[in-house]
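Engineer: Okay, here's the structure, questions in a sec.
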Amino acid sequence: MRKRWTLLPADEAATQHLHEVLKIHPLLCRLLVQRGITTYEEAKVFFRPELSQLHDPFLMKDMEAAVTRLTQALRNGERILLYGDYDVDGTTSVALMFDFLSKRHAHLDYYIPNRYKEGYGVSMAGVEYAHRNGISLIIAMDCGIQARMQVAAAKLLGIDFIVCDHHLPDGALPEAVALLDPMQPDCSYPFKGLSGCGVAFKLIQAFLQKNNLPQEELLELLDLLVLSIAADIVPMTGENRVLAHFGLDRLNRTERSGLKALIEQSGRQRPLSISDIVFGLAPLINAAGRLADADQAVKLMLSNEKIVASDNARVLDHRNRLRKEHDQNIQQEAAELFEATSGWQDMRSILLFRSDWHKGVIGIAAARMVERFHRPTILLTESNGLAVGSARSVPGFNVYQAIKSCEDLLINFGGHDHAAGVTLPVEAVPVFQQRFEAAVRATITEEQLTPELKISAVLDLKDITIGLWKILRQFAPFGPGNRSPVFVSKNVVDTGYSRLLKGNHLKLAVKQGDSPAVYGIAFGMGDHFSKIASKKPFHVAYKIEEEHWQGETYLRMMVKDLWL
């Protein structure tokens, strides 16, 4: 499917002003303006992140009550349960809070719900576990904002809740001692994009501040926090960008045996980037809860002994390999099912059900279906006699609202604009399929059904220099809201050294006019080789990457698309 290329706008006057005051390449000024940076001071803050740029945690609603209750629990020697979701955000939250509190409190326990027996969020089983074990305070992280019944049940048992969540509330809020969630409509906290682990981090920051304790303790937690920021795909702007910047530095120097073993098992080389976390470390952590018990991930992160840490990392790697097998099988079966559907080419959505698909993997498979067919997708399987599944969307389309329009058919649902989970009776699946298709068809646009590649700027090949790269890499860490820029070079031609690689990949060697040759890699684009080799001019869209060879640094194009 051919992508549409969209050139991102940038105010020319603001770009020119930045060029005059910063004295850097106009292209870099254009990228800054696209990020809302138009003054020297704003550019200085962007290029020089400082932890002093973090907001006062007490600006968050209920923070005073949360710190007061936590302080009381510590002073009274109460038993505290740290409750987190089973993904990277939830498990890092638990590890972060446990690491911090265990240095000053002996009566700690943690609980990660079982994906298959309990599902997402705070479960009644978790509340019962707390009651059996004499817990009087539960700190719920990356979940809890919807847990009205569970918090009420805990209250009757004499158990208080502090909720550290970042999801959108839906309806009445639970009656917790403190609800920390910047997404609450009446919370005035300036930055709304924190991860669940980020909210837990702000609670620790507030606790240190309130008790006049050294803020340096926060630095020790940043290697765990950056895992959640990267893996949960939260905005890489504001506080998150500051925390990710220092978090990556901490992660690359980490002394945690568990994280060192995880990095080694992933095969990723330091210095690690955000993409190394997203594609290397996060899948290993997530595999714990997808195929078995997510406790294994927390154990890994809290491991102090090298041998134990290595064993835990190997277990996660094994689970991730199994996850990949399930993922590939589901993708293939889902694609075949969809293409066997009458009139599939004209459908605006994909909703498929098979009772034997692995519940822990269908979310990933749904995302792969979106990549392949570029339609909002829901994949369902059977669990405990019910149809359960995950939804993923195309950019710009709110899949949560489309699902909400069918809520009378559903037992439970929740999520974001781009991803959601659903539970419904198996017999309701055919009607849900029809209603979901109708809801998507009524609201999705033709543009949203066509893959889009957002272009930051047109760039001449001769301008791809080490000098440009030295400043460009300071735009990192990249993520939503601060995407790695994609450039287009027009009318490039093969130098005669482009070649076809194994696996239908291309190694490009191109020039533009009298520019030096620039090299690049184009994965999965081998079908274009004959046209490129004909030496007819074509346009190439790419990101700039750095590679090292025999002590030298080279720049190459990571090709995103070709127009021939």
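The values are calculated or read from the model by the stated rules, or taken from the named source; none is laboratory data. No experiment lies behind these values; they were computed from the predicted model shown. Don't worry about glycine lacking a Cβ; one is built from the backbone with ideal geometry, like all the others, and counts go over all protein chains shown. Surface areas here come from the heavy atoms of the whole protein model, side chains and all, with no ligands, DNA or RNA. Shrake-Rupley method; radii C 1.70, N 1.55, O 1.52, S 1.80 Å.
Engineer: Tell me which residues, restricted to region 142-173, are assigned to a loop (DSSP other than H, G, I, E, B) and open to solvent by 10 Å² or more (accessible area, probe 1.4 Å). Lay out the reasoning, then the answer.
Structural biologist: Our first condition is that a residue be assigned to a loop (DSSP other than H, G, I, E, B); within region 142-173, this holds for 142-147, 157-159, 165-173.
Within region 142-173, 146, 157, 158, 166, 167, 168, 169, 170, 171, 172, 173 qualify.
Engineer: Just to be sure, is residue 60 of a type in the set (A, V, I, L, M), surrounded by fewer than 16 Cβ atoms within 10 Å (Cβ to Cβ) and in contact with a helix residue (DSSP H, G or I) (Cβ under 9 Å, 6 or more places away or on another chain)? First the steps, then the outcome.
Structural biologist: On the way: of a type in the set (A, V, I, L, M): yes; surrounded by fewer than 16 Cβ atoms within 10 Å (Cβ to Cβ): no; in contact with a helix residue (DSSP H, G or I) (Cβ under 9 Å, 6 or more places away or on another chain): yes.
Answer is no for this residue.
Engineer: Here's a check for you: in region 468-483, which residue that is outside any helix (DSSP H, G or I) and of a type outside the set (S, T, N, Q) is nearest to residue 248 (Cα to Cα)? Break it down stepwise before answering.
Structural biologist: Filtering region 468-483 for residues outside any helix (DSSP H, G or I) gives 476-483.
Add one more test, that the residue is of a type outside the set (S, T, N, Q), and what stays is 476-481, 483.
Numbers: 476: 11, 477: 9, 478: 12, 479: 13, 480: 17, 481: 18, 483: 17 Å.
Out of the qualifying residues, it is 477.
Engineer: Kindly evaluate residue 128 against the criterion of being over 24 Å from residue 255 (Cα atoms) and in a loop (DSSP other than H, G, I, E, B).
Structural biologist: For residue 128, the condition - over 24 Å from residue 255 (Cα atoms) and in a loop (DSSP other than H, G, I, E, B) - is not met.
Engineer: Among the residues of region 125-134, write down those that are open to solvent by less than 10 Å² (accessible area, probe 1.4 Å) and more than 29 Å from the chain's Cα centre (by Cα).
Structural biologist: Matches in region 125-134: 130 only.
Engineer: Do any strands (runs of 3 or more DSSP E) lying entirely in region 384-467 carry at least 2 residues that are closer than 23 Å to residue 488 by Cα and modelled with pLDDT of 95 or more, and which ones are they?
Structural biologist: Because the criterion is at least 2 residues that are closer than 23 Å to residue 488 by Cα and modelled with pLDDT of 95 or more, the strands (runs of 3 or more DSSP E) in region 384-467 that meet it are 452-455.
Engineer: Which residues, counting only those in region 535-564, are open to solvent by less than 80 Å² (accessible area, probe 1.4 Å), modelled with pLDDT under 95 and among the hydroxyl-bearing types (Ser, Thr, Tyr)?
Structural biologist: Result: 553, single match.
Engineer: Filter region 184-216 down to the residues that are in a helix (DSSP H, G or I) and open to solvent by 40 Å² or more (accessible area, probe 1.4 Å) and list them by number.
Structural biologist: 209, 210, 216
Engineer: So, in region 332-358, exactly how many residues are outside any loop (DSSP other than H, G, I, E, B) and open to solvent by 50 Å² or more (accessible area, probe 1.4 Å)?
Structural biologist: 9
Engineer: Follow-up. Please verify whether residue 107 is in contact with a Pro (Cβ under 6 Å, 6 or more places away or on another chain) and open to solvent by 30 Å² or more (accessible area, probe 1.4 Å), treating the condition exactly as stated.
Structural biologist: The answer is no for residue 107.
Engineer: Turning to a different aspect of this structure: Name the residues in region 232-254 that are at pLDDT below 95 and among the aliphatic types (A, V, I, L, M), would you?
Structural biologist: Scanning region 232-254 gives 233, 234.
Engineer: Check every one of the helices (runs of 4 or more DSSP H) wholly within region 18-103 and list those with 2 or more residues that are among the polar types (S, T, N, Q) and touching a residue at least 60 places away in the same chain (Cβ under 8 Å).
Structural biologist: In region 18-103, the matching helices (runs of 4 or more DSSP H) lie at 88-101.
Engineer: For the condition open to solvent by 60 Å² or more (accessible area, probe 1.4 Å), among the polar types (S, T, N, Q) and within 28 Å of residue 244 (Cα to Cα), what is the one hit in 304, 320?
Structural biologist: Every option except 304 fails the conditions.
Engineer: Checking residue 40 against (1) within 17 Å of residue 201 (Cα to Cα); (2) in contact with a helix residue (DSSP H, G or I) (Cβ under 7 Å, 6 or more places away or on another chain); (3) surrounded by fewer than 16 Cβ atoms within 10 Å (Cβ to Cβ): exactly one of these is not met. Which one?
Structural biologist: Only one criterion is unmet by residue 40, namely (1).
Engineer: Within region 107-137, which residues are more than 17 Å from residue 73 (Cβ to Cβ) and of a type in the set (S, T, N, Q)?
Structural biologist: 114, 123
Engineer: A follow-up question, please. Across region 267-293, what is the number of residues that are free of Cβ contacts under 8 Å to residues at least 24 places away in the same chain and open to solvent by 30 Å² or more (accessible area, probe 1.4 Å)?
Structural biologist: Number of matching residues: 6.
Engineer: Moving on. Residue under question is residue 534, and the condition is that it be touching a Leu at 6+ places or on another chain (Cβ under 7 Å) and small (Gly, Ala, Ser); does it hold?
Structural biologist: no
Engineer: Taking the condition under 33 Å from the mean Cα position of the chain (by Cα), over 21 Å from residue 472 (Cα atoms), loosely packed, with under 13 Cβ neighbours inside 10 Å and not polar (S, T, N, Q), does residue 513 pass?
Structural biologist: No, not satisfied.
Engineer: Which residues, counting only those in region 400-413, are out of contact with any Asp or Glu (no Cβ under 7 Å at 6 or more places or on another chain) and either closer than 23 Å to residue 165 by Cα or in contact (Cβ under 8 Å) with a residue 12 or more places away in the chain (or both)?
Structural biologist: Of the residues in region 400-413, the ones out of contact with any Asp or Glu (no Cβ under 7 Å at 6 or more places or on another chain) are 401-412.
Across region 400-413, the qualifying residues are 401, 402, 403, 404, 405, 406, 409, 410, 411, 412.
Engineer: Can you name every residue in region 438-461 that is open to solvent by 70 Å² or more (accessible area, probe 1.4 Å) and either out of contact with any strand residue (DSSP E or B) (no Cβ under 9 Å at 6 or more places or on another chain) or among the β-branched types (Val, Ile, Thr) (or both)?
Structural biologist: Matches in region 438-461: 441, 442, 443, 446, 458.
Engineer: Somewhere in region 484-497, is a residue of a type in the set (D, E, K, R) and either farther than 30 Å from residue 240 by Cβ or part of a strand (DSSP E or B) (or both)?
Structural biologist: Yes; the residues of region 484-497 include at least one that is of a type in the set (D, E, K, R) and either farther than 30 Å from residue 240 by Cβ or part of a strand (DSSP E or B) (or both).
Engineer: Being within 21 Å of residue 547 (Cα to Cα) and either part of a helix (DSSP H, G or I) or not charged (D, E, K, R) (or both) is the filter here, so list the residues in region 252-270 that pass it.
Structural biologist: Selection gives 252, 263, 264, 266, 267, 269.
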